[in-house]
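As structure tokens, the structure follows; a few thoughts come after it.
Any read-out appearing in this document is the output of simple, stated calculations on the displayed coordinates, not a laboratory observation. Model, not experiment: these values are computed from the prediction. Ideal geometry is used to build each Cβ from the backbone, glycine not excepted, and the neighbour counts take in all protein chains shown.
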Amino acid sequence: MAGLLNVGEMGALALHVMVELAALHAEDDAARRTALQLAAGLDASVHTVQKVIRRLVAGNMLEGARGVNGGVRLAAGAEAASLLDVLECVEGPMRTNGCLFVRRVCPEGARCRFRSVTESLEQSVREHFTTTTIAKLSAEAH
């Protein structure tokens with residue numbers, strides 16, 4: 001189902017960063033992590049993690065501080081954010097392409113024979129992403 005749901009690298013990293021920081025927040029609500037620490041733990045590019053962090057800070061999901069004890073931590077109430085909130089903060093509105101297949105084969109303008117399947121799946125995914133919080137994922141991971 002590679003074509004149905006398109007969560008990019010930035011969105012995936014944002015979800016991982018938020019869950020990691022939620023787990024840290026549960027242990028010590030004042031603790032912070034740097035982009036370098038988060039990137040190392042996620043085996044990701046520091047540059048990309050920095051871009052993700054900037055978007056999450058701009059979206060009021062994270063609080064950042066500079067200096068010797070700098071880094072980022074969850075903003076107040078951010079553990080209650082849904083997966084959809086985080087994804088849309090970083091990638092913009094969630095869109096699906098309505099197709100189960102990487103390459104569309106339906107003729108232009110024709111009604112897709114799989115439409116009922118894709119509409120149902122899209123609705124389920126949106127509902128799941130809306131009702132699943134960062135706090136829930138963090139608690140399940142630890």
(request) Run down Gly41, Gly8 and say which single residue is without any contact (Cβ under 8 Å) to a residue 60 or more places away in the chain, at negative phi and of a type in the set (Gly, Ala, Ser). (result) Gly41
(request) Quickly run through region 56-84 and pick out the residues that are surrounded by fewer than 18 Cβ atoms within 10 Å (Cβ to Cβ) and farther than 19 Å from Leu24 by Cα. (result) Ala58, Gly59, Gly67
(message) Based on this model, can you work out whether Ala30 counts as buried (at least 19 other Cβ atoms within 10 Å of the Cβ) and either free of Cβ contacts under 8 Å to residues at least 24 places away in the same chain or closer than 21 Å to Leu137 by Cα (or both)?
(response) no
(message) Every residue in region 60-78 that is in contact with a Leu (Cβ under 9 Å, 6 or more places away or on another chain) and charged (D, E, K, R), please.
(response) Glu63, Arg73
(request) Inspect region 63-79 for any residue being out of contact with any Gly (no Cβ under 7 Å at 6 or more places or on another chain), among the charged types (D, E, K, R) and more than 16 Å from Met18 (Cα to Cα) and give the result as yes or no. (result) yes
(message) Leu87 - would you say it is free of Cβ contacts under 8 Å to residues at least 60 places away in the same chain, buried (at least 17 other Cβ atoms within 10 Å of the Cβ) and either out of contact with any Pro (no Cβ under 7 Å at 6 or more places or on another chain) or closer than 21 Å to Leu24 by Cβ (or both)?
(response) no
